[in-house]
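Notes follow the structure.
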Amino acid sequence: MGLAILVWILTVGVISLCVGGVWWFPAPISQHAFNFDTHFSRMLWVAGAIFLLAQGLLGYAILRFRDQGHPATHNEGNARLEVVWTMVTAVVFIGFALIGNKIWASVHMDKSGDATIKIEVLAKQFSWNFRYPGPDGKLGRTDVKFIRDSAGNPFGIDAQDPAGRDDVISSAIRVPRGILVELTLRSRDVIHNFFVRELRLKQDIVPGMAIPLRFRADKEGTYEVPCSELCGLGHHQMRTTLIVMSAEDFQIWLKDEDRKPR
Amino acid sequence: MQKSKTAVALLLIAIGMVFASLTSAMVVRRGLGGDWRALPFTALSLGNLLILMASSVALEFARRQKSSGLWWLSCCLGALFLMMQLLVWRDLMSAGFNVATNPSSSFFYLISGLHGTLVLGGLAALATTRAMVATWYWHGMSILWMYLMLLFQWMQ
Amino acid sequence: MKIFSTDHKVIGKQYLTLAFFSVALGIVLSLIMRFHLIRPDAKISWFATLWPVGATGGIMTPELYLSLMSIHGTLMVFFVLSTAPQGGFGNYFLPLQIGAPKMAFPVLSMLSFWTTFLALMALLASFAVEGGAPLSGWTAYPPLSALGQVAGPGQGLGMDCWIVSIALFSIASLMGAINFITTILDMRTEGMNLMRMPLTCWGWFVTAIISLLAFGVLLAAGILLFMDRNLGTSFFIPAGLVVSDQLQNHSGGSPILWQHLFWFFGHPEVYIAILPGMGIVSTVLSVFARKPVFGYRAMVYAMFSIAILGFFVWGHHMFISGMSPYSSIAFSLITLAVGVPSAIKTFNWLGTIWGGKIRFTTSMLFALGFVSVFVSGGLTGLFLGQPAIDLYFHDTYFVVGHFHMIMGVAAIFAIFSAMYFWFPKMYGRMMNDNLGQVHFYLTFIGVYAIFIPMHFLGILGAPRRYADFKELEFLAKSGILQRITTYSAYCTAAAQLLFFGSYFYAKWRGPLATINPWDATTLEWTEPSESNVVNHAPDVYSLPGEEKDFVMQSDQ
């Protein structure tokens, strides 16, 4: 009896925590993030209804059918009921998967539009480096044998390649607002992960692979990027920031960086 | 006995899963890039396959005719197979293929080593029991090696 | 009592003892981690005594935190959740419930237990070797797990201990699986056809089939990883890695290959943990609601559907791993499809108690609690099974909350339910029901208080496997969630002392039990001298026109 009430209290508690939204997502800063939030709340409504129904019925059954001296009914099942609830859950669950896949496809399969800004991301234990092509628009050739962290060359840019001389290297990622950006994610040692909460985007960075990730951020600001795949003892300190700037400020920054002596 | 038949069938399934996962690992690893090198297989390894299959055939006749002599012949052929496998390894090493040389040789040493260990276990079983299920296991090892040799050829 | 006993009852108790030891240690490790998360700078002198290197001066290093986390996960997943329900209760009660005099291969049972024991010793040895226990988690993703000491302390010998432990555990599980399947197929007593087996036996049967197919894959993956580490091969390690300024001498391997192999095992492993629990809960609900299981056949088919589909969903652990985005969609569809048989089971559990005459024993409370927790943990799976939503939630505390609820807590509730249910049979004495009720309520409230806040941390974006959250500004205001979790963990852990106290008291001093204290129907509750011929289904309760409200399987 107490259990029924407890189950109900916990159910209402969980639901009100969701509705209250004290601990919730940060505001979205891209169309994708906005779509994500819409889909998430749709999911939440349905999952919440199932949650309420299932826990509610559990509590009701506990209360209603507690031993009060009455005989139990003898009931071995109901084939029709089984078929009905199997079909209903199948349709609801699979339906969700289908709806959600649109959002997934828009991130990973939509190749429309040219990304004018291309940034190479290099993750390593336990820091981030971002490389922009300079005014020539080309990234310089790299080789592991040129890697010198102490000399400011974590990418291993080949000094002989003229295309590499104007490359800009930054420890935080800056992008212009409203412009499609394409990242190429690389790791030098173990698996890391690039995650921006406000973009609702997350991608593992796997050594030996160059993984593309495209996004368009629409709101200026500074956003945290925590490494989100266990990468060793400094995992919790592997953090950088994404800075979304106006297109003009971005160009000014890029020029300034390029002029800095290396 | 029924339960030992069931158990050996299950054991073969479990062993099959180990080699199935190694097969898929091999296919994936080979498809990753250009560093896969063909192994120099000689007539020796083909002949060795024939020895193991002959051992299986001998064992089947031994079981049907309840012939102790054939049973021991099968065991001897099995032991010969294991020794020849070592020769195959020696040839590979002298051709410059060690465990870490190339993924192709890494897989070969691992898979033939695992298979050899299982054959050794089967040999111990054949030496101690005349049970029918021991012959099942032994045939299983022969068929497995036949499959693995095909796999290695295909993965060249 | 012989140590190397071949008696299935002794082996069952040995497995349970091993699981109880592991769960106690696993809880202690989690308490230390929870403490560290709310007080990362605390100086604790006995930390320094226990770990002179990992906690010099009493302040815990991140590598120590991560090694505790790795061992906590490995202990709980393998040595508790895969051991107690199957090796423990399965060995003890499977032969009794199907009317077999013993397991099919008693010596194999014994070997399987002692191999598991060796596996546990190998795991614990990792704390003692140079560098300490591994810090790459229970999933051991390469290259972190493959590069050796250079990737971090604990990745040297400690990691090798871990691989040896997992390989031994796989072999032990394969032995157990062969034994269980053979026993069920060939050792059933007269009249005990498959569809008259209690659902507990179906749970053990399906779990054994999954183990048979899954553990070989883990074994193979473990061997490959061991070779990459110690023989210089390159299965999982790509070329050109520079770790701590050292160029690694490997070429061409793929870290994702490990993830495929690992999760091909790892997802079915989840069902290895939960399916025996589903069987136990189905039985217990039916006994104490005095009703037959609602839709017995549907329950059996649902278990098989879960097992089969469970082998094709491993990719949902890898949506953002860099694998093809197209395969993510296929994995996602199959994953949500697995939700269907799980939902069927939930409906049938509700159907089983509906219209019943419920007796609230401690065992029943835990079974009802299981249903509640299973629903709560299962629904979050609907979110995580979609790649679109995983784009945000992968590797956050949302995932931690989800799998602890559905896999950890649900399975543990089933273990408790089974323990309270079968205790009279195992020890001939009764556990105290009042203590049991208190234990249940504290635990039930406790697990919600621990794991619900984790979901909200996940919504905030908190990544899992962080030794502390000081650096992340967006979590600055979430300290309250961390504190609720930690304090709830303390209280819930303390409540488990009640269980252990009650268990040992009842074992030696509890009131003597009658032969069938719960008026249950299955064969383990018959007098050993009675005939074992089975004439009835396992769940004949409240048959109209009968004097007693239950008919035992062996009744005429």
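The values are calculated or read from the model by the stated rules, or taken from the named source; none is laboratory data. Computed from a predicted structure; not experimentally measured. Positions of Cβ are backbone-derived with ideal geometry, glycine not excepted, and every protein chain shown enters the neighbour counts. We work out accessible area using only protein heavy atoms, side chains counted, and drop any ligands, DNA or RNA first. Shrake-Rupley method; radii C 1.70, N 1.55, O 1.52, S 1.80 Å.
Overall, the protein assembly as shown carries a charge dipole of about 860 debye about its Cα centre when +1 sits on the Cβ of Lys and Arg and -1 on the Cβ of Asp and Glu, all other atoms neutral. Under the convention that each Lys and Arg Cβ holds +1 and each Asp and Glu Cβ holds -1, the size of the dipole of segment C:448-556 around its Cα centre is about 1060 debye. Between helix B:132-154 and chain B there is an angle of about 20 degrees, using the helix long axis and the longest principal axis of the Cα atoms. Specify the inter-centroid distance of segment C:503-554 and segment C:417-470, based on alpha-carbon positions, in whole Å. First find each Cα centre; the distance between them is then 29 Å. Spatial offset of segment C:280-294 relative to segment B:62-91 amounts to 56 Å, using the alpha carbon center of each.
The angle between the Cα long axis of helix C:8-38 and the main principal axis of chain C comes to about 40°, on a 0 to 90 degree scale. Dipole check for segment A:117-259: with +1 at the C-beta of Lys and Arg, -1 at the C-beta of Asp and Glu, and the Cα centre as origin, the magnitude is about 260 Debye. Which of the trypsin sites (Lys or Arg not before Pro) found in segment C:9-77 are loop residues per DSSP with 13 or fewer other Cβ atoms within 10 Å of their Cβ? Of the trypsin sites (Lys or Arg not before Pro), the ones in loops of segment C:9-77 whose Cβ has at most 13 other Cβ atoms within 10 Å are C:Lys43. Annotation for segment A:153-201: trypsin sites (Lys or Arg not before Pro) lying in DSSP loop with at most 15 further Cβ atoms inside 10 Å of their Cβ are A:Arg165.
Extending 7 Å from the Cα toward the beta-carbon at both A:Ser171 and C:Arg359 defines two label points whose distance is 6.9 nm. Modelled label positions at A:Arg141 and C:Arg429, each set 7 Å beyond Cα in the direction of Cβ, lie 8.0 nm from each other.
Interface burial in segment A:205-229, defined as at least 30 Å² less accessible area with all protein chains than with the chain alone at a 1.4 Å probe, covers A:Val206, A:Pro207, A:Met209, A:Glu224, A:Pro226, A:Ser228, A:Glu229. Extension gain, A:Met1 to A:Ala247: 0.36 nm times the residue separation minus the Cα-Cα distance gives 82.2 nm. Accessible area per residue for the protein assembly as shown is 36 Å², calculated with a 1.4 Å probe on protein heavy atoms, without ligands, DNA or RNA. Near A:Val168, the amide H atoms lying under 5 Å from its own belong to A:Tyr132, A:Gly134; only residues 5 or more places off or on other chains count, and H is placed 1.01 Å from N.
Counting only other chains, and only Cβ atoms inside 10 Å, what mean value do you get across the residues of A:55-63? Don't skip to the end; give the middle numbers.
Details: counts 5, 0, 6, 9, 2, 2, 12, 8, 1.
Partner-chain Cβ atoms within 10 Å, mean over residues of A:55-63: 5.
How much length would be gained if the chain were fully extended between B:Thr117 and B:Met83, taking 0.36 nm per residue of separation minus their Cα-Cα distance, in nm to one decimal?
Values: separation 34, 0.36 × 34 = 12.24 nm, distance 1.21 nm.
Between B:Thr117 and B:Met83, full extension yields 11.0 nm more.
Converting phi to 3J(HN,Hα) with the Karplus coefficients 6.51, -1.76 and 1.60 and the offset θ = phi - 60°, segment C:108-117 yields 5, 4, 4, 4, 5, 4, 6, 5, 4, 4 Hz in sequence order, with x at every glycine or proline.
The residue among A:Cys231, A:Phe146, A:Ile157 whose Cα reaches farthest toward the positive pole of the charge dipole of segment A:117-259, with charges on the beta-carbon of Lys, Arg, Asp and Glu, is A:Cys231.
Lysine pairs in chain C whose alpha-carbon atoms fall under 18 angstrom of each other, counting only those eight or more residues apart or on distinct chains, come to 15. When only alpha carbons are used to place a centre, segment C:342-362 and segment A:15-34 end up 35 Å from one another. Taking both sides together, the accessible area buried where C meets A is about 8700 Å² for a 1.4 Å probe. In Å², rounded to the nearest 100, what is the total accessible surface buried by chains B and C against each other with a 1.4 Å probe? Counting protein atoms only, the buried area is about 2200 Å². Ordering B:Met132, C:Met192 by accessible surface, largest first, gives B:Met132, C:Met192; the 1.4 Å probe counts only protein heavy atoms, with every chain in place. Computed with every protein chain present, the accessible area of A:Lys260 is close to 110 Å² [probe 1.4 Å]. With R₀ fixed at 56 Å, the C-beta to C-beta distance from A:Glu182 to B:Gln153 puts the FRET efficiency at about 0.85.
At a 1.4 Å probe, what is the % contribution of carbon and sulfur to the accessible area of the protein assembly as shown?
On the way: 23210 of 35450 Å².
That fraction is 65 percent.
Inter-chain neighbour count for C:232-239: the average number of beta-carbon atoms from partner chains within 10 Å of each residue's beta-carbon is 6. Give me the lysines in straight-line cross-link reach of A:Lys145: C-alpha distance below 25 Å, same-chain residues under 8 apart excluded. Answer for A:Lys145, where 25 Å is the Cα cut-off: A:Lys118, A:Lys124, A:Lys260, listed by chain and number.
Could you give the DSSP H helices of chain A that reach 30 angstrom or more along their long axis (alpha carbon positions) and whose average Kyte-Doolittle hydropathy is no lower than 1.0? Span-like helices in chain A: A:79-108.
At q = 0.13, 0.14, 0.15, 0.20 Å⁻¹, what log₁₀ I(q)/I(0) does segment C:1-152 have when each alpha carbon counts as one equal point scatterer in the Debye sum? Each listed q maps to, in turn, -0.68, -0.75, -0.82, -1.15. Taking amide H positions as modeled 1.01 Å from N, with prolines and chain starts lacking one, the residues under 5 Å from A:Glu224 and 5 or more places away or on another chain are A:Leu242.
The accessible-area loss of segment A:166-188 on complex formation, taken against its chain alone with a 1.4 Å probe, reaches 50 Å² or more at A:Arg188. Ranking C:Trp51, C:Val284, C:Phe235 by Cα position along the charge dipole of the protein assembly as shown, where only Lys, Arg, Asp and Glu carry charges on their C-beta atoms, puts C:Val284 farthest toward the positive end.
Under the simplified labelling scheme, the A:Met87-A:Ser16 pair shows an inter-label distance of 4.0 nm, with each label point 7 Å from Cα along Cα→Cβ. Here the Kirkwood formula, the inverse mean of 1/r across different C-alpha pairs, assigns the protein assembly as shown a hydrodynamic radius of 30.0 Å.
Computed from the C-beta positions of A:Asp37 and A:Asp256, the FRET efficiency with R₀ = 45 Å rounds to 0.80. Beta bridges assigned by DSSP with both partners in the protein assembly as shown are antiparallel in approximately 75 percent of cases. Nearest 0.05, what FRET efficiency do A:Ala27 and C:Val438 give at R0 = 56 Å with Cβ-Cβ as r? For R0 = 56 Å, the calculated efficiency reads 0.80.
Do me a favour and compute the ellipsoid semi-axes for segment A:114-208 from its Cα gyration tensor, root of five times each eigenvalue, largest one first, whole Å. Mind showing how you got there, number by number?
Details: eigenvalues 92, 66, 21 Å².
Largest first, segment A:114-208 gives 22, 18, 10 Å.
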